[in-house]
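No lab work stands behind these numbers, since they all come straight from the coordinates. Because the structure is predicted, anything quoted here is derived from the model rather than measured. So basically every Cβ, Gly included, is an ideal-geometry build from the backbone, and we count neighbours across all protein chains shown.
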Amino acid sequence: MGLFTTPIKTLDDLFTHMLQDIYYAEQQIAKALPKMIDKAGAPALKQAFEKHLHETEAQVTRLEAVFGSLGKPVKGVTCAAIDGIISETKEIMGDVGDPEVMDAALIAGAQAVEHYEITRYGTLAAFAKQLGHAEAAGLLEKTLTEESATDAALTKLAGAGVNRKAAA
Ligand code: FE
Ligand code: FE
Ligand code: FE
């Protein structure tokens, strides 16, 4: 347990902690996406990132509604995992010169982010259901669906030419 962290005793404590974690994570993702939009070369990839930036901003608001539905204060806690994924992606972006390899690198980084979100929202929705928070569960499942759709869209873009161009 960290010095300034709240002890986690119950499943409800764990649920709250993980909500705060994903709230922080979504905010970091919203900050990172503009740079990725800027670096994306393929117009379809740029569009996909722009669409997901809007979704991400709405997901932050949706999480505030989740906190509200639980009667809990809106709060974030540092997510070491998203900080790591984003800093690794930025490091790779800094090392890539070729624009087509850049697109492949951006997709790889973005999919790592989406997969983290998918695992977290899946767990959060399951915890919410178990704890009897039906409204929160519905909101969390809505975001889970968006993250899964984003992941699928990125897989499609990679398969539809980004990887082939990067290999050429
Ligand atoms: Fe998200
Ligand atoms: Fe985390
Ligand atoms: Fe996402």
*Please indicate, with yes or no, whether at least one residue in the stretch 23-31 is free of Cβ contacts under 8 Å to residues at least 40 places away in the same chain, under 16 Å from Leu144 (Cα atoms) and of a type in the set (A, V, I, L, M).*
no
_Residues located in the stretch 66-97, provided they are free of Cβ contacts under 8 Å to residues at least 12 places away in the same chain and closer than 30 Å to Ala166 by Cα_ = Gly84, Ser87, Glu91, Gly94, Asp95, Val96, Gly97
*Is it the case that some residue within the stretch 68-88 is within 16 Å of ligand 2 (Cβ to nearest atom), under 17 Å from Glu114 (Cβ atoms), exposed (fewer than 15 other Cβ atoms within 10 Å of the Cβ) and of a type in the set (D, E, K, R)?*
yes
*If you check Lys90 against the conditions, is it under 29 Å from Leu124 (Cβ atoms), away from ligand 1 (no atom under 13 Å from the Cβ) and assigned to a helix (DSSP H, G or I)?*
yes
_Name the single residue that is surrounded by the most Cβ atoms within 10 Å (Cβ to Cβ) among those in the stretch 33-67 being among the small types (Gly, Ala, Ser) and within 18 Å of Ile118 (Cα to Cα)._
Ala48
_Being within 14 Å of ligand 3 (Cβ to nearest atom) and either under 14 Å from the mean Cα position of the chain (by Cα) or surrounded by fewer than 15 Cβ atoms within 10 Å (Cβ to Cβ) (or both) narrows it down to one residue among Glu91, Glu135, Glu146; which is it?_
Glu146
